[in-house]
Amino acid sequence: MTTTFPVVNRMNQQVSAWESQNDRRSIFLNCYALMTTNMLRAVEDQQFHDSPWVTELLHRFADYYFDALTAYDARSTAPAVWQLAFDAAVDSRYHVLQHLILGVNAHINYDLVFVLVDMLCCEWNDLTPQQRQSRYEDHCLVNTIIYQTIDIVQDQVVERYSPAMDLVDKAMLRADEWLLHKMIATWREEVWHGAHQLLACDCQSDTERVSQQVEQRTVHRAHAILGQRGVRGLLELM
C-alpha cells in the first residue's frame with residue numbers, strides 16, 4: 001500500500017496549481033516531492049540511525065522552502081538565491097534542467113546549511129563522537145536515496161518538459177545520472193562542513209560572516225546555472 005505524507009501532499013497540491021498556470025516553479029517542486037517521498041519511505045523502513053531526527057529534519061527542510069516561497073509571493077525579502085530561482089521560472093529562455101538545478105542549488109547549498117545548524121546547535125556539544133558520526137552517516141545516506149530517485153525525476157519531470165531529454169538519457173546510459181549525483185553529493189559534503197563552520201562560530205559577527213559566505217557561494221552558483229559565467233562557471237559547479 002502506498003503511504004501518503006502530509007508534507008508531500010502539500011507539495012503536490014502546489015505543483016498541480018502551478019502546472020495549471022504553466023508556472024515553471026513546478027519543475028523543482030515536483031522533483032522535491034518525489035525526493036521527499038522516497039526519504040520518508042526510507043525513514044519508515046528504518047534505514048537511518050535516528051528516524052525521528054531525520055523526520056524532523058525533512059519537515060524543517062520543507063518549511064524553509066515554503067517560507068522562501070511565501071516571502072517571494074508576498075513580495076517580501078526572500079533569500080537572494082531563491083529570488084533568482086523563482087524569477088527565472090517566468091523566463092522562457094531557460095531549460096528545464098536549469099530550473100531544476102537552480103532549485104537544487106538554493107535548497108541544498110543554502111537552506112540545508114541552516115537547517116542542519118537548527119537541528120544540531122542544541123545537541124552538538126553533548127553528542128559523543130559515535131553519535132556525531134551517526135548524524136553524518138544519516139546525512140550521507142540521503143545521497144544514495146537521491147541517486148535512486150534521479151531516474152524517476154528524469155522520466156516523470158524532466159522529459160515531460162523536454163521530451164528530447166529521453167534521447168539524451170538513452171544515449172548516455174547512466175552517465176548523466178552519475179554526473180548529477182556526483183555534483184549533489186559534492187555539494188552536500190560541502191554543506192555538512194559549512195554547518196560545522198557555523199556551529200563553531202563563537203560570536204555574532206563570525207556567524208554573520210560565514211552566513212554571508214554561504215549566501216554568496218549559492219548566488220555565485222545560481223549565476224553559473226543561468227549561463228552568466230560561461231563554460232568555466234558551469235565546470236565549477238562540479
Item to complete: Can you confirm whether segment 98-111 contains a residue that is of a type in the set (Ser, Thr, Tyr), open to solvent by 30 Å² or more (accessible area, probe 1.4 Å) and free of Cβ contacts under 8 Å to residues at least 40 places away in the same chain?
Response: no
Worksheet item: Looking at (1) open to solvent by less than 40 Å² (accessible area, probe 1.4 Å); (2) at pLDDT below 95, which is the one condition that is false for residue 69?
Response: (2)
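Report those helices (runs of 4 or more DSSP H) wholly inside segment 97-188 carrying at least 2 residues which are over 27 Å from residue 72 (Cβ atoms) and modelled with pLDDT of 90 or more.
Those helices (runs of 4 or more DSSP H) span 129-153.
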Worksheet item: Looking at segment 37-76, which of the residues that are acidic (Asp, Glu) and in contact (Cβ under 8 Å) with a residue 60 or more places away in the chain is farthest from residue 7 (Cα to Cα)?
Response: 50
Worksheet item: Does segment 19-66 hold any residues that are open to solvent by 50 Å² or more (accessible area, probe 1.4 Å), in a helix (DSSP H, G or I) and not polar (S, T, N, Q), and which are they?
Response: 19, 41, 44, 52, 56, 59, 60, 63, 64
Discussion item. Being over 30 Å from residue 134 (Cα atoms) and either among the small types (Gly, Ala, Ser) or part of a helix (DSSP H, G or I) (or both) is the requirement here; does residue 81 meet it?
Written reply: yes
Worksheet, complete the sentence: Exactly one of 10, 93 is basic (Lys, Arg), in contact (Cβ under 8 Å) with a residue 12 or more places away in the chain and either surrounded by fewer than 20 Cβ atoms within 10 Å (Cβ to Cβ) or in contact with a helix residue (DSSP H, G or I) (Cβ under 9 Å, 6 or more places away or on another chain) (or both), and that residue is 10
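The values are calculated or read from the model by the stated rules, or taken from the named source; none is laboratory data. Treat the numbers as computed from the prediction; the structure is a model and nothing was measured. So basically every Cβ, Gly included, is an ideal-geometry build from the backbone, and we count neighbours across all protein chains shown. Surface accessibility is based on the protein's heavy atoms, side chains included, excluding ligands, DNA and RNA. Shrake-Rupley method; radii C 1.70, N 1.55, O 1.52, S 1.80 Å.
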